[in-house]
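Worksheet for the structure shown next.
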Amino acid sequence: MPGARHKILGHVLSGFCHKMNRRKPLYGDSLDTPLNRCLTTFDITLLGVGHMVGAGIYVLTGAVARNMAGPATALSFLLAGITSTLAALCYAEFGTRIPRAGSAYAYTYVSIGEFWAFIIGWNIVLEYMIGAASVARAWSGYLDAMLDGAISNATIAVTGDLHETLLSRYPDVLAFLICIVASLILAVGVKTSAYINNGLTILNLIVISLVIFLGFYYADINNWSEKNGGFMPFGFSGVLAGAATCFYAFVGFDSISASSEEAKDPSRSIPIATILSMAMVAFGYILVAISLTLMVPYTSINPDAALPAALGAVHADWAKYAVAVGAVCGMTTTLLGSLFSLPRCLYAMSADGLLFGFLSDVNNKSQIPISNLIISGLSSAFIALLFDLEKLVEFMSIGTLLAYTIVSAAVIILRYRPSPPSEDKIFGSPHLDSPIDREDSSATGTPGTDGGSSSSEMFEALTVGRLRVQYAWLEPLVGGRAPGSAVTSCVYIFTVAAAALCAHNHFLAEPAGLWALLPDFVLSFIIIACLVIIWAHQQSPVRLPFRVPWVPLLPAASVMLNVELMINLNALTWARFTIWMTFGLLLYFLYGIHHTKLGEGVTGLLSRSNSGTAHSWGSVDKTSSLARRVGRLGKGSKSDDRKPIICEDELARREP
């Protein structure tokens, strides 16, 4: 009997790593979805702008200018905007490749594998949930400050103080109700909620334009003079510290990719909306920072109400009411953006089988996942009710940075991986089929190659993921491997080396001689070597509506910057993240890995839970090339999974 147990255990564990690393194929109609494809480029752009321009421009700008960077806050926003733009470009490329809900989760599932996709999806859930709760707390706090603390004092009089370290001082009932109301707005339908978001965002942009105009109208260049501390009173280190804080003002751009499955033309709208929204938001933040520090000296800025106090100081008291309206509109659109994206991520994970099936149920009338939205709204509302804003913001940052890091790495991996025939046909890239595919294409009347493609493009398509001719001297080091596998390994090594380099420099405050710098030289050499090896391979010539320029340099820089910011997070944030990930891993290994649609066989690959649709995205057509290949293999021999765990002879020997 021990032998039988060993065989059973071996059979269970044999495909374990394969299950964790299986990737989502891109077969079927990528535009087919049960959701309502009704959003235009204008709608998606304002969704991204509204998600980013919220509490940050009314609260964050004053806090950074007063305590971290002074007038150089504009430089902090510039550096943070550049860092975020690198990640946003990677998101834009994936948005054209994979126009699905789920954002970074869907991108990781296609490029890296199921396990890392679940990790990213689980962290995106955390990001959006905490983001919605934190904005609701900021919304409530701003209104409470306008009423001189009337709301908080009345609540404390009824409930008393909460004497718990991890909880807020009092239960914020107003923040709870704000989350519920925002969920009800989104439940009406995506197009109606888009109209509301557009109106609030445009009103917010008008208020911001007014603030910028008044700031330059009342500007006093002496506020940047040496008498008042100069332009950079905290030095360049203060600019970097401010950039690390300002980075989180740009995290809302991933709601653009989350809307891919409801965009009319995602391959065009997603990259345009991403670039436009990032440019508008960065430009707005920089101009607000300049106008604020020109109106009043940075030492006189009130971190809690920077813009109203500055306008009052220059005797523009009437404008304070406009700022209050803009702040309410901005924080409302940010809240709507978070609660819009959260149900889409849960929907995508549930549709793939990694979360419970009812989360992918779509209402026939509104064409949105209603049960999903209810759970998202209630979860965010209860978090906003009990937890403090500062703790929420710290907790949110780590999941966001991890998602940005993996998406940037995934762009490199996918760029050097040979494309499946279906993707080549979608984007018009030349592809030379195997003899089996030629036979299939002749039978079905599908041409095997693109007649209009040049011979050079055909050669590039055949050599994707292989060493280029001029780098043949690297063949002894990375040769003899499957196309793209050497690049994937180098991306993993690069990320680990970058994390080790950032950690070494972070924890080693004062180098103790030359030997202390040796790890820096070794790790820097490994990083450069990985980039050289990646560069030596042939990229995919697949023509996309948008491609990240200068690959692998720009995505690699994004990985480095995001890893550096993650290393600088405090230990308590990492501890909370570990607890959250523990629950996520239990959910994956106890449920997700056993119920994923990739485990249902070829005909059930990635089928969406939409009974009214004939062919869902990712499902394999019975006449497809992949199905025919599997069918031929099945006729010739049985796979290992179909072999009995205990053979009949062994059972016969054990029978009395």
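The values are calculated or read from the model by the stated rules, or taken from the named source; none is laboratory data. Please read these numbers as outputs of a predicted model, since none were measured by experiment. Methodologically, a virtual Cβ is constructed for each residue, glycine included, from the backbone with ideal geometry; neighbour enumeration extends over all protein chains shown. Accessible surface areas use protein heavy atoms only, side chains included; no ligands, DNA or RNA. Shrake-Rupley method; radii C 1.70, N 1.55, O 1.52, S 1.80 Å.
Based on the alpha-carbon gyration tensor of region 80-179 and its eigenvalue square roots a ≥ b ≥ c, which shape applies: rounded if a/c is under 1.5, prolate if not and a/b is larger than b/c, or oblate? In terms of gyration-tensor shape, prolate. The Rg/Rh ratio of region 290-422, with Rg taken over Cα atoms and Rh as the Kirkwood radius over Cα pairs, comes to 1.13. About its Cα centre, the dipole of region 48-146 is roughly 100 debye, where the only charges are +1 on Lys and Arg Cβ and -1 on Asp and Glu Cβ.
For region 167-172, putting each phi into the Karplus relation 6.51 cos²θ - 1.76 cosθ + 1.60 with θ = phi - 60° gives couplings of 9, 6, 5, 8, x, 8 Hz, in residue order, rounded to whole numbers and with x for Gly and Pro. Applying 1/(1 + (r/R0)^6) with r as the Cβ-Cβ distance of PHE216 and ASP520 and R0 = 41 angstrom yields a FRET efficiency of 0.40.
Amide hydrogen proximity for HIS537: with H placed 1.01 Å from N in the peptide plane, the residues at 5 or more positions away or on another chain lying under 5 Å are ARG468.
Charge tally for ASN198 (other residues, Cβ to Cβ under 13 Å; Lys, Arg +1; Asp, Glu -1): 0.
Treating r as the C-beta distance of ALA157 and ALA472 and R0 as 56 Å, the FRET efficiency rounds to 0.10. For ALA472, the shell of other residues with beta-carbons less than 15 Å away shows a net charge of +2, using +1 for Lys and Arg and -1 for Asp and Glu. The label point for CYS17 and the one for TRP574, both projected 7 Å from the Cα toward the Cβ, are 2.7 nm apart. Across region 490-496, computed HN-Hα scalar couplings (Karplus, 6.51 cos²θ - 1.76 cosθ + 1.60, θ = phi - 60°) run 5, 5, 4, 5, 4, 5, 5 Hz from first to last residue, x flagging Gly and Pro. Pair-distance distribution of region 488-588: all C-alpha pairs, bin width 5 Å, starting at 0; shares per bin in whole percent are 2, 10, 16, 17, 16, 14, 12, 8, 3, 1, 0. Coupling constants for region 191-207 follow from the phi torsions by the Karplus curve (6.51 cos²θ - 1.76 cosθ + 1.60, θ = phi - 60°), and in residue order they are 6, 5, 5, 5, 4, 5, 4, 4, x, 5, 5, 4, 4, 5, 5, 5, 5 Hz; glycine and proline get x. Note on LEU553 and SER237: the model spin-label points, each 7 Å out from Cα along the C-beta direction, lie 3.1 nm apart. A Förster radius of 22 Å, combined with the Cβ-Cβ distance separating LEU587 from LEU378, puts the computed FRET efficiency at roughly 0.75.
What region 39-197 shows is 29 Å² of accessible area per residue, with the surface traced by a 1.4 Å probe over protein heavy atoms.
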